1. Is it fair to say residue 29 is in contact (Cβ under 8 Å) with a residue 24 or more places away in the chain and touching a strand residue (DSSP E or B) at 6+ places or on another chain (Cβ under 8 Å)?
2. I'd like the residue in the stretch 53-86 that is touching a helix residue (DSSP H, G or I) at 6+ places or on another chain (Cβ under 9 Å) and outside any strand (DSSP E or B) and, out of all such residues, is surrounded by the fewest Cβ atoms within 10 Å (Cβ to Cβ).
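FYI, it's all coordinate maths here, none of it is from the lab. All values derive from a computational prediction rather than experimental measurement. Heads up, the Cβs are rebuilt from the backbone with ideal geometry, glycines too, and the neighbour counts pull from every protein chain shown.
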Amino acid sequence: KTRQKGKKKKKNINLNQSKKQSVSFVCLTCHEKEEIPLSVVRDFDLMDDGDPTTPPMFSCEKCGGRMYPEYYEGVHGIKYRLSDIL
C-alpha cells in the first residue's frame with residue numbers, strides 16, 4: 001500500500017509538471033489562445049538569429065494573425081509579456 005501511494009503521488013507530480021511544459025500564446029488579431037509545447041518554443045527561440053527583443057511568434061491557425069506569448073522567459077533571459085505590448 002505504501003508503494004502504491006508513492007506511485008500515485010509521483011504520477012500526479014508528473015501530470016502537473018507536464019501542464020507547465022507549455023507556453024500560452026494569444027493571437028493579436030482574433031485573441032484566440034493556443035498552448036504550444038515549451039520545447040517547441042525554445043527550439044524556435046534558439047534557431048532565431050534576429051532581434052532578441054522579439055519573442056518567438058507563431059501564426060494563428062484560426063485567422064493567420066501573429067500570436068504573442070502571454071508570458072515567456074527566453075533562452076537569453078529576456079521576459080516577454082503580452083501585457084507589456086497591450
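1. Answer is yes for this residue.
2. Among them, the one singled out is 76.
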